[in-house]
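Visitor: Below is the structure I would like to discuss, written out as structure tokens.
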Amino acid sequence: MLKYYLIFIGAMSLITLILYGADKAKAKKHAWRIKEAVLLLFGLFGGALGGLIGMEIFRHKTRHWYFWVVNILGLAIHIALALLIFFKLK
């Protein structure tokens, strides 16, 4: 069970990282953007690690405090869930 949860977290983080990169590229071209709510929801529902990495790599959304809060909160939630699954299965 933990293995599948970690695969899910990894996939969501990769998708979130790609979304941050795509949004930054679109911002530079003054093109249609990905909604902030989408980025935040992906961060909260499994992609927090990718969101934090994307914020640093692409220097994107780093001035918005709520992106930091949501991604750190999401990361904490998913670490807690992984630990709960790990210890519940023993």
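Computed from the coordinates by the stated procedures, all read-outs in this text should not be read as laboratory data. None of these values were measured; they are calculated from a predicted model. All Cβ positions, glycine included, derive from the backbone under ideal geometry; neighbour counts span all protein chains shown.
Visitor: Enumerate the calculated ³J(HN,Hα) couplings along the stretch 77-89 in order (Karplus 6.51 cos²θ - 1.76 cosθ + 1.60, θ = phi - 60°), each rounded to whole Hz, writing x wherever the residue is Gly or Pro.
Guide: Karplus values, whole Hz, x for Gly and Pro: 4, 6, 5, 4, 5, 5, 5, 4, 5, 4, 7, 6, 7.
Visitor: Holding the Cα-Cα limit at 24 Å, pick out from K28/K61; K3/K24; K3/K61; K3/K35 the pairs that are longer than that.
Guide: In this structure, K3/K24; K3/K61; K3/K35 exceed 24 Å between Cα atoms.
Visitor: What list of ³J(HN,Hα) couplings, whole Hz, do you get for the stretch 57-74 from phi and the Karplus terms 6.51, -1.76, 1.60, once you set θ to phi - 60° and write x for glycine and proline?
Guide: Those phi angles translate into 4, 8, 6, 10, 6, 6, 8, 8, 4, 5, 5, 4, 4, 5, 5, 5, 4, x Hz.
Visitor: Quickly estimate the mean residue ellipticity at 222 nm for the chain, helices only: each DSSP H run with n ≥ 4 gives -39500 (n - 2.57), and the total goes over all residues, rounded to 500.
Guide: Only helices count here, giving -26000 deg cm²/dmol.
Visitor: Where does each of H60, H30 land when they are ranked from fewest to most other beta-carbon atoms within 10 angstrom? If you can, show how the numbers build up before the last one.
Guide: Values: H60 20, H30 7.
Taking fewest neighbouring Cβ atoms as first place, the list is H30, H60.
Visitor: From the backbone phi of the stretch 37-51, what are the Karplus-calculated ³J(HN,Hα) couplings (6.51 cos²θ - 1.76 cosθ + 1.60, θ = phi - 60°) in whole Hz, Gly and Pro given as x?
Guide: 4, 5, 4, 5, 5, 4, x, 6, 9, x, x, 4, 5, x, x
Visitor: Could you grab the relative contact order for the chain? Cα pairs under 8 Å, six or more apart, rounded to a whole percent.
Guide: RCO, the chain: 33 percent.
Visitor: Report the charge-dipole magnitude of the chain in Debye, nearest 20, computed about the Cα centre from +1 at each Lys and Arg Cβ and -1 at each Asp and Glu Cβ.
Guide: Its charge dipole is roughly 200 debye.
Visitor: Extension gain A22-L6, at 0.36 nm per residue separation less the Cα-Cα distance, in nm?
Guide: Length gained between A22 and L6: 3.3 nm.
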